[in-house]
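The next block holds one structure in the form of structure tokens; read it before the comments.
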């Protein structure tokens, strides 16, 4: 089974945390807005989860950013 690179996971983790904090949200509030579990958000922020496309889409919509911005390592 193919896994994403550590770099992509780290970029996603960093950006989700940054966008969450910029929007003054706790992990619990973000999870509620996205229809996800708080521990799932935490595992994404720690780079432990390979988020699905549907998860990336809901996170991007919640933060009002593009999926590319979630994955960008230069943000």
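The values are calculated or read from the model by the stated rules, or taken from the named source; none is laboratory data. Predicted model only: the values in this text are computed from it and were never measured. Neighbour counts are summed over all protein chains in view; Cβ atoms, including those assigned to glycine, are modelled from backbone coordinates with ideal geometry.
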- Matching residues in segment 28-55 (in contact (Cβ under 8 Å) with a residue 24 or more places away in the chain, in a helix (DSSP H, G or I) and more than 14 Å from residue 18 (Cα to Cα)) number 2
- Task: Mind listing whichever residues of segment 56-66 are over 16 Å from residue 17 (Cβ atoms) and assigned to a loop (DSSP other than H, G, I, E, B)?
- Result: 64, 66
- Message: Here are the criteria: (1) surrounded by fewer than 18 Cβ atoms within 10 Å (Cβ to Cβ); (2) within 19 Å of residue 4 (Cβ to Cβ). Tell me which single one residue 23 does not satisfy.
- Response: (2)
- Message: Could you go through segment 3-20 and let me know if any residue there is modelled with pLDDT of 95 or more, out of contact with any helix residue (DSSP H, G or I) (no Cβ under 7 Å at 6 or more places or on another chain) and either exposed (fewer than 12 other Cβ atoms within 10 Å of the Cβ) or farther than 17 Å from residue 72 by Cβ (or both).
- Response: no
